[in-house]
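Enquirer: To start, I am sharing the structure in question, which I have written as structure tokens.
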Amino acid sequence: MEYIQNYINGALVAPQSGNYINNYEPATGKVYSLIPDSDANDVKVAIRAAEIAFPSWSRLPIGDRSKIIAKIAQLIEEQLEPLAQAESTDNGKPVWLAKMVDIPRAAANFNFYATAIQHYSADANAMSNTAINYTLRDAIGVVGCISPWNLPLYLFSWKIAPALAAGNCVVAKPSEITPMTAYLLSKICIEAGLPAGVLNIVHGYGHTAGNEIVSNPAVKAISFTGGTQTGKTIAKIAAPMFKKLSLELGGKNPNIIFADCDYDKMLATTMRSSFANQGQICLCGSRIFVERPIYEKFKKDFVAKTKALLVGDPNDATSKMGAVVSKAHQEKVLSYVELAQQEGGTVLAGGQAVQVAGRCKAGYFIAPTIIEGLAYDCRTNQEEIFGPVVTIMPFDTEAEVLQYANSVEYGLAATLWTSNVSRATRMAQQIHSGIVWVNCWLLRDLRTPFGGIKSSGVGREGGFHALDFFTEPKNVCIEY
Ligand code: NAD
């Protein structure tokens with residue numbers, strides 16, 4: 001049984017308490033490794049190491065910082081196969097998906113910020129013939145990065161890379177449900193020559209290790225991705241200390257399909273936006289609104305394709321979907337299918353757990369599920385399910401579908417399918433969300449602002465937005 005270790009002050013270490021948490025493989029339901037059950041004491045040591053490392057790391061010439069970060073990216077690329085396998089074992093997602101999406105994106109995150117920091121500049125404001133103002137962007141100090149289980153290394157590195165590039169030292173905690181690739185990243189950082197204390201990775205629960213990162217006054221900023229409820233807890237603790245906060249939270253995204261869309265492209269993409277990663281992507285479109293003239297055709301085709309999706313062993317290249325992340329999550333998702341039926345919905349496809357034969361017979365699988373016949377404002381259509389469950393609803397007018405789309409407390413991402421550019425522009429303007437995809441989904445350019453409004457979060461990641469978050473602007477005014 002492998003013991004995962006914390007990465008503190010440049011070394012791999014056991015938790016001070018000696019306690020560990022079982023780490024389950026979702027595809028088999030078996031414990032396959034042990035996670036440090038770190039507490040406040042481990043986090044305090046990590047924070048101290050980060051404080052000590054900060055002066056020299058933040059003063060290192062940008063080119064030198066950049067080289068080390070690029071080296072981390074290179075090592076991730078070289079270890080694509082074992083990292084993808086580890087991500088799949090830990091999370092339940094198909095190996096091919098981790099190999100195609102998660103791990104390449106983690107490498108891209110480090111590569112992107114290794115170069116972005118070299119192009120990051122600040123303003124100068126001249127006051128006619130009297131003075132010049134210029135803005136410095138200083139690293140903040142010790143910052144905390146806390147991430148969820150759905151895209152483990154992908155989202156962990158999306159925070160760590162800009163934090164380090166900007167010159168901060170980091171205390172980071174991956175999800176206790178999927179810690180393995182963060183542990184492997186520790187080894188990569190050691191190999192890449194990252195100085196001791198610059199990045200510290202502490203494993204454990206949110207209410208213990210996570211809480212200390214958030215509440216310790218020495219940690220000056222928190223970048224968090226996870227559930228809206230956790231985001232509220234974090235904001236309550238951090239706000240009175242005036243910590244900088246970046247919160248990427250839940251979603252309940254609309255997928256709006258007009259009759260004039262490119263039907264085949266829409267159908268193929270809607271399969272992905274509904275069920276990719278077992279529907280466990282914060283950007284998945286879980287509420288599908290279809291213009292009435294094509295509703296019946298869409299329903300028939302979408303149901304047929306969904307019933308044909310192969311749910312199976314994540315190690316098998318033919319499996320289109322793997323396991324959901326945990327037993328508790330499987331139960332939560334299936335409880336929403338029950339709720340949907342109580343609310344008057346009809347299950348058109350899926351709706352139950354799937355038993356996969358062989359080594360996966362005790363794994364946590366769910367059949368991709370489509371539900372129709374629900375009101376837009378029922379609980380099933382308002383609360384985040386975060387699994388392979390979507391609802392479909394017909395609509396007649398733009399005004400009506402906008403009301404449905406905007407009725408939820410969330411505002412992360414929306415997808416629009418139409419060939420009418422005027423309509424796309426009009427709708428995009430009126431949809432309450434941080435991201436709108438028109439005739440595509442999850443097409444990502446790392447330079448763009450990423451994040452949500454309403455209960456989906458505060459602040460933006462991506463591009464220079466993340467570097468703005470991880471630095472403090474200081475204006476210097478010189479009169480001459
Ligand atoms: P979660 O909120 O339960 O946990 C996220 C992280 O926070 C974990 O590392 C956890 O240990 C930690 N944590 C929990 N309680 C804490 C506390 N009191 N103090 C400090 N840290 C604490 O979320 P999850 O179940 O891991 O992830 C699923 C959620 O994440 C969904 O709601 C999903 O929409 C959201 N998500 C959002 C985005 C986005 O970009 N907006 C991306 C991915 C996932």
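Enquirer: Tell me, what ³J(HN,Hα) does each residue in segment 183-200 have, in order and in whole Hz, if you take phi through Karplus 6.51 cos²θ - 1.76 cosθ + 1.60 with θ = phi - 60° and put x for Gly and Pro?
Expert: 5, 5, 5, 4, 5, 5, 5, 4, 5, 6, x, 5, x, 4, x, 5, 10, 10
Enquirer: So what is the accessible area of the chain per residue, in Å², with the probe set to 1.4 Å?
Expert: Per-residue accessible area for the chain comes out at 39 Å².
Enquirer: Show the residues, 5+ positions off or on another chain, whose built amide H is closer than 5 Å to the amide H of Trp437.
Expert: Ala414, Thr415, Leu416
Enquirer: If eta is 1.567 mPa s and T is 4 °C, what Stokes-Einstein diffusion coefficient results for the chain, Kirkwood Rh from Cα pairs, in µm²/s?
Expert: Calculated translational D: 56 µm²/s.
Enquirer: If you average the C-alpha positions of segment 122-174 and of segment 183-240 separately, how far apart do those two centres end up, in angstrom?
Expert: Centre-to-centre distance over Cα atoms comes out at 15 Å.
Enquirer: Using θ = phi - 60° and the Karplus relation 6.51 cos²θ - 1.76 cosθ + 1.60, list the HN-Hα couplings for segment 320-328 in order, rounded to whole Hz, with x at every Gly or Pro.
Expert: 7, 10, x, 8, 6, 6, 7, 4, 4
Enquirer: Same structure, new question: Quick one: what are the phi-derived ³J(HN,Hα) couplings along segment 122-129, Karplus 6.51/-1.76/1.60 with θ = phi - 60°, whole Hz, x for glycine and proline?
Expert: Here the 3J(HN,Hα) series is 10, 7, 10, 10, 7, 9, 3, 6 Hz.
Enquirer: With all pairs of different alpha carbon atoms counted, what Kirkwood hydrodynamic radius in Å does segment 221-340 show?
Expert: So the Kirkwood estimate lands at 17.1 Å.
Enquirer: Given only helices, namely DSSP H runs of n ≥ 4 each adding -39500 (n - 2.57), what is the per-residue ellipticity at 222 nm of the chain, to the nearest 500 deg cm²/dmol?
Expert: Mean residue ellipticity at 222 nm (helix-derived): -11500 deg cm²/dmol.
Enquirer: Quick one: divide the alpha-carbon radius of gyration of segment 254-449 by 2.2 N^0.38 Å and tell me what you get.
Expert: That works out to 1.00 for segment 254-449.
Enquirer: Okay, moving on. May I ask for the distance between the Cα centers of segment 22-84 and segment 414-480, given as a whole number of Å?
Expert: 28 Å
Enquirer: Leaving ligands, DNA and RNA out of it, report the carbon-plus-sulfur percent of the accessible area of segment 254-449 at a 1.4 Å probe.
Expert: Here it works out to 53 percent.
Enquirer: Can I ask one more? Please give me the summed charge of the neighbours of His207: other residues whose Cβ is under 13 Å from its Cβ, Lys and Arg +1, Asp and Glu -1.
Expert: Summing Lys/Arg as +1 and Asp/Glu as -1 gives -3.
Enquirer: Using a 1.4 angstrom probe on the protein heavy atoms only, could you order His203, His119 from most to least accessible area?
Expert: From most exposed to least exposed: His119, His203.
Enquirer: Below 13 angstrom from the Cβ of Pro104, what's the summed charge of the other residues (Lys, Arg +1; Asp, Glu -1)?
Expert: Once positives and negatives cancel, what remains is -2.
Enquirer: Considering only DSSP beta bridges whose two residues both sit in the chain, what percent are antiparallel, to the nearest 5?
Expert: Just about 45 percent of them are antiparallel.
Enquirer: Round to a whole angstrom and tell me the spacing of the C-alpha centers of segment 253-285 and segment 342-376.
Expert: Cα centres, segment 253-285 to segment 342-376: 18 Å.
The values are calculated or read from the model by the stated rules, or taken from the named source; none is laboratory data. Bear in mind that the values here come from a model prediction, so they are computed numbers and not experimental data. All Cβ positions, glycine included, derive from the backbone under ideal geometry; neighbour counts span all protein chains shown. Surface areas here come from the heavy atoms of the whole protein model, side chains and all, with no ligands, DNA or RNA. Shrake-Rupley method; radii C 1.70, N 1.55, O 1.52, S 1.80 Å.
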